[in-house]
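Read-outs throughout are calculated quantities, based only on the coordinates presented, and are distinct from any laboratory measurement. Predicted model, so just to flag it, every value in this text is computed and none were measured.
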Amino acid sequence: MTTLHVEEMHCAKCVERITKALTAAGLDFTVSLEDKTVTVNGCDHCVRTAVEELDDLGFTATKAE
């Protein structure tokens with residue numbers, strides 16, 4: 001499980017766009033608007049895919065320490 005911080009996530013519409021894109025990519029994930037995070041359950045490839053999908057949507061994702 002890897003947590004990504006997505007600081008640009010500000011509203012329910014952002015969550016909807018992220019959820020749609022990551023679901024279409026076949027990922028197992030959860031999104032938290034309150035924490036501004038996306039948690040990806042999967043391998044490094046899954047995390048890279050999530051970061052790429054978020055980037056395509058205009059979001060910058062950084063791994064939580």
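Summary table below
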| quantity | calculated |
| --- | --- |
| Alpha-carbon gyration tensor eigenvalues x 5, square-rooted, for the chain, Å | 16, 13, 10 |
| For residue 37, distant residues with modelled amide H under 5 Å away | 6, 32 |
| Cross-link reach list, aspartates and glutamates versus residue 13, counting only Cα pairs under 18 Å and skipping chain neighbours closer than eight places | 34, 35, 53, 55, 56 |
| Helix-derived mean residue ellipticity, 222 nm - over the chain, DSSP H n ≥ 4, -39500 (n - 2.57), to 500 | -13500 deg cm²/dmol |
